[in-house]
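Everything on this sheet refers to the single structure shown next.
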Amino acid sequence: MRYFLIFLSTFLIIFATTSVKADWWDDFIENVHEKVTDGADFIRDKAGPTIREKFDALKAKLQDPETHEQVQTWVKEEAFPVIKEKFNQASEFLNDEVVPEVKKVFDAGVEGHRRVFTDENGDTVIKQTVDN
């Protein structure tokens, strides 16, 4: 609150000293108007036509069958072989590293099941354990 009062006092002092010159607001408005007008002129004269030219060039490029042929050739000759190689590497990793470990876990589960649900004769039973 204290800072607000200081700010307000300062603003009123500046306003009071500049109120003698009644044109300061008109100058400010004129300056803002000039900047906005210059910005609009730039958009109309420079940016608008440049954007239109780039859009038209891109549209023409995308409508050209040769562009699509080049993209499809790139996919066929460069991208697809790389993707295929990465897939093969992932497949080899899974087969060499992951599957054997998963098989060990599965076999351990089967062995645990066999021990719990099979008696000494190999017959399937349900064993009950008693907790003390």
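Confirm whether G122 is free of Cβ contacts under 8 Å to residues at least 12 places away in the same chain, exposed (fewer than 10 other Cβ atoms within 10 Å of the Cβ) and out of contact with any Ser or Thr (no Cβ under 7 Å at 6 or more places or on another chain).
Details: free of Cβ contacts under 8 Å to residues at least 12 places away in the same chain: yes; exposed (fewer than 10 other Cβ atoms within 10 Å of the Cβ): yes; out of contact with any Ser or Thr (no Cβ under 7 Å at 6 or more places or on another chain): yes.
It is true that G122 is free of Cβ contacts under 8 Å to residues at least 12 places away in the same chain, exposed (fewer than 10 other Cβ atoms within 10 Å of the Cβ) and out of contact with any Ser or Thr (no Cβ under 7 Å at 6 or more places or on another chain).
Please list, ordered by first then second residue, the pairs with beta carbon atoms under 6 Å, 6 or more apart or interchain, first in the stretch 55-84 and without any contact (Cβ under 8 Å) to a residue 60 or more places away in the chain, second β-branched (V, I, T) and assigned to a helix (DSSP H, G or I).
K61/T67
Values in this text are rule-based calculations from the coordinates and carry no lab data. Bear in mind that the values here come from a model prediction, so they are computed numbers and not experimental data. Cβ coordinates were reconstructed from backbone atoms using ideal geometry, including for glycine residues, and neighbour counts include every protein chain displayed.
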